[in-house]
Amino acid sequence: MNFIENFFSKYPQEKLTKWFHQVCIAEAISWLLLFSAMVWIREDKDGILPIIYISVMGSIHGLFFTLYLLLAVPARKIYHWDDEDSVFALLAAFFPLATIWIEKKLARFDRD
């Protein structure tokens with residue numbers, strides 16, 4: 001994990017927090033779009049457009065999912081998360097729309 005911290009150490013804290021908040025929202029939105037692709041492909045099994053759409057949305061969601069996991073490492077230091085908060089933030093990436101909750105409740109400086 002040192003290489004992740006070393007990579008992000010060259011960016012100011014304000015920029016990292018902004019990126020983390022944006023990626024939290026983008027990851028949730030991309031999951032919704034990916035879910036719409038799954039519904040569409042279920043309804044139109046023989047169409048080429050649903051296959052293209054799910055491939056594109058899957059790639060975009062994968063990008064935001066990976067960015068969320070990478071940015072959770074410096075967010076732990078910035079927001080002074082303990083081990084329980086860090087594990088919860090990492091597990092939130094695997095549950096639909098949970099990254100919005102992380103962005104609203106856990107990624108704050110004024111929480112107890």
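Cut-off 10 angstrom, C-alpha nodes, Gaussian network model of the chain. Which of PRO96, PRO12, PRO74 fluctuates the most?
Between PRO96, PRO12, PRO74, it is PRO12 that shows the largest mean-square fluctuation.
Evaluate the charge dipole of the chain about its Cα centre and quote only its size in Debye, nearest 20, assuming +1 on the Cβ of each Lys and Arg and -1 on the Cβ of each Asp and Glu.
Result for the chain is approximately 260 debye, rounded to the nearest 20.
Answer with a single label: of (i) -0.42, -0.93; (ii) -0.53, -0.92; (iii) -0.52, -1.02, which was calculated as log10 I(q)/I(0) by the Debye sum over Cα atoms at q = 0.13, 0.19 Å⁻¹ from the structure in view?
(ii)
Once phi is turned into θ = phi - 60°, what whole-Hz ³J(HN,Hα) does the Karplus curve with 6.51, -1.76 and 1.60 give for every residue of region 37-53, x standing for Gly and Pro?
5, 5, 5, 4, 5, 6, 7, 10, 5, 9, x, 7, 4, x, 5, 5, 4
What does the net charge come to around PHE8 if you take all other residues with beta carbon closer than 14 Å to its beta carbon, with K and R at +1 and D and E at -1?
+3
Quick one: Karplus J couplings for region 65-72, per residue in order, coefficients 6.51, -1.76, 1.60, θ = phi - 60°, nearest Hz, x for Gly and Pro?
4, 5, 4, 4, 5, 5, 6, 5
On a straight-distance basis, which lysines could pair with LYS77 in a cross-link, Cα separation under 17 angstrom, same-chain partners fewer than 8 positions away excluded?
Reachable lysines: LYS10, LYS15, LYS18, LYS105.
Every number in this text was worked out from the coordinates using simple rules, so none of it is lab data. Quantities reported herein were computed from a predicted structural model and do not represent experimental measurements. Please note: Cβ atoms are built from the backbone with ideal geometry, for glycine as well, and neighbour counts cover all protein chains shown.
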